[in-house]
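The values are calculated or read from the model by the stated rules, or taken from the named source; none is laboratory data. What you see is a predicted model; the values in this text were computed from it and never measured. Cβ placement follows ideal geometry from the backbone for every residue including glycine, while neighbour counts extend to all protein chains displayed.
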Amino acid sequence: MNRRYPILLVVFLSLSLAACAAIRNSTAPVQSDETPGVSGQSSEDTSVQPGSCPVTQPPDPPYTPPPPYSAPEEGAFWYGSEALWTMLPLDGT
């Protein structure tokens, strides 16, 4: 039984090193010329929107959250389910 521990340790370390190498060799997202500064944006900066970014469309029929929530603001719509919902802008920013 004591002879298994060194073997298990070697296997574990080998797998750990292989995982680290895979992470290090993975490609980072490439910043295109169309979206300058996207990687440095804060979560509140919506001035730059990449053309490849999918935009959530309003559901048909529209989602209506339970009371006391009212109609969405102008230029926005409600999106979600009974468990979780949010108000999204029509333009996707």
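Observations
- Test: SER52 is modelled with pLDDT of 60 or more, under 24 Å from PRO89 (Cβ atoms), part of a loop (DSSP other than H, G, I, E, B) and small (Gly, Ala, Ser): yes
- Tally, over the range 82-93, of residues that are over 22 Å from GLY51 (Cβ atoms) and touching a residue at least 12 places away in the same chain (Cβ under 8 Å): 3
- Qualifying residue in the range 61-82 (condition: surrounded by 10 or more Cβ atoms within 10 Å (Cβ to Cβ), assigned to a loop (DSSP other than H, G, I, E, B) and modelled with pLDDT under 75): no
- Any pair with Cβ under 8 angstrom, 6 or more apart, that starts in the range 61-74 at a residue that is free of Cβ contacts under 8 Å to residues at least 60 places away in the same chain and ends at one that is in a loop (DSSP other than H, G, I, E, B): TYR63/SER81; PRO66/GLU82
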